[in-house]
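The structure appears below as C-alpha cells.
The values are calculated or read from the model by the stated rules, or taken from the named source; none is laboratory data. Because the structure is predicted, anything quoted here is derived from the model rather than measured. Cβ atoms come from the backbone with ideal geometry, glycine included; neighbour counts cover every protein chain shown. Please note that ligands, DNA and RNA were not included when accessible areas were found on the heavy atoms of the full protein model with its side chains. Shrake-Rupley method; radii C 1.70, N 1.55, O 1.52, S 1.80 Å.
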Amino acid sequence: TLRSLWRHKGMVLVSVLTVATMLVALGSATLLAANSNYMAGNLEAELEVIVYLNTDVTRDEALALEPAMKAITGFESLEFVPKEAALEEMSTRFDETNLAEALGGTNPLPDAYKIKLEQPEQIAGAVAYLENTEVFPQIEMVRYGQDVVENMIALTGTLEIACIALIIGMLLIALFMVNSTIRLTVATRGEEINIMKYVGATNFYVRIPFFLEGLVIGIVGALLADVVLYFGYDAILEYIEANISFITMLNDPQLMMLIMLVLLVGGTLLGAIGSNIAIKKYLKV
C-alpha cells in the first residue's frame with residue numbers, strides 16, 4: 001500500500017486535496033447553518049413588546065395589570081419600567097441636552113411594561129390582545145417592531161431551508177468528487193489488477209491495498225480539512241471581533257471539535273467506500 005501510494009503520489013495528492021476541499025466546504029456549510037441559528041436566536045431574545053400606559057394611570061393600577069399580562073399566550077417574562085426610571089435613562093442617553101432641567105421637574109413619560117414571549121410568531125397575537133381597550137383601558141399604545149418580527153420570521157425559515165439544502169448538496173458533491181478521483185487513481189492501475197486476477201488473486205486480496213489507500217487518502221484529507229477549518233474559522237472570529245464588533249458569531253469549541261471529529265470520520269469513510277466502489281468493475285476479469 002505504501003509503495004503504491006508513493007508510486008502514484010501525483011494522483012494521491014489530487015485525491016487528498018479533493019477530499020480536503022470538499023470537507024472544508026461541507027464544514028463551512030455546517031458552521032454557516034450553526035451561525036444562522038445562533039444569530040436568529042440572539043435576535044429572538046432581543047425582541048420584546050413594549051406597552052405604554054396612559055399618563056393618568058396610578059402606580060397601583062399599573063402594577064395590578066401584571067396578572068392579566070402574564071396570561072398572554074406564550075408569555076415568558078415581563079419587566080415593569082416606572083416613568084422615573086424611563087426619564088433617568090433618557091436623561092443619561094441625552095446627557096448633553098440637560099433634559100431633566102429642561103422639563104422643569106415634570107415627567108411627561110408614562111409607566112411601561114416590557115414583555116418577552118417564547119416565540120416571535122406569538123407576538124402578533126399578544127399585541128392584538130393588549131390593544132383590546134375593553135380588556136386594557138389603561139394601555140395607551142403598544143410597540144413591537146412589526147417589520148423586524150415579520151422579516152426575522154421569514155429570514156429564519158429561509159435560512160434553515162437554505163442551510164439544509166447546502167449541506168445535503170455539498171455532501172453529495174463530496175461523495176461524487178471523491179469517488180471520481182479515486183476511480184481515476186484505480187484506472188491507472190487497471191492492467192496491474194487484471195494481471196493479479198489472471199494469476200489467481202482473490203477479490204479480497206486485490207481489494208485490501210486499495211481499501212487501505214482510500215483509508216489513508218480519506219484520513220489525510222480530513223485532517224487537512226480540520227486544520228484549515230479550525231484556523232480559518234478562528235481567524236474569521238478574530239477579524240470580526242476586531243473590525244465588525246456589532247456582529248456576534250458563534251464561538252463554541254465543543255461544536256468545532258464535534259464538526260472536526262465528524263469530518264474525520266466522514267473523510268475516512270469517503271475514502272474507504274470510494275475506493276471499494278471504484279475498483280468493482282476491475283475485479284470482473
> Which FRET efficiency value, to the nearest 0.05, do you get for Ile277 and Thr158 by plugging their Cβ-Cβ distance into 1/(1 + (r/R0)^6) with R0 = 41 Å?
Replying inline: 0.70
> Any idea of the accessible area per residue across the range 177-263, 1.4 Å probe, to the nearest Å²?
Replying inline: 61 Å²
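Excluding Leu32 itself, what net charge comes from residues whose Cβ is under 15 Å from its Cβ, given Lys and Arg +1 and Asp and Glu -1? Mind showing how you got there, number by number?
Details: positive: none; negative: Glu160, Asp252.
Taking every other residue near Leu32 into account, the sum is -2.
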> Which of the listed residues, Val199, Ile244, Asn276, is farthest toward the dipole's positive end in the range 197-285, when Lys, Arg count +1 and Asp, Glu count -1 at the beta-carbon?
Replying inline: Val199
> Given H placed on each backbone N at 1.01 Å, which residues far from Glu140 in sequence or on other chains put an amide H within less than 5 Å of it?
Replying inline: Tyr52, Leu53, Asn54
> If you add up the charges near Val12, with Lys and Arg at +1 and Asp and Glu at -1, over every other residue whose beta carbon is less than 15 angstrom from its beta carbon, what do you get?
Replying inline: +4
> When the Karplus curve 6.51 cos²θ - 1.76 cosθ + 1.60 is applied with θ = phi - 60°, which whole-Hz ³J(HN,Hα) does each residue of the range 259-265 get, with x for Gly and Pro?
Replying inline: 4, 5, 5, 4, 5, 5, 5
> Give or take rounding to whole Å, what are the principal axis extents of the alpha carbon atoms in the range 213-285, in descending order?
Replying inline: 64, 19, 16
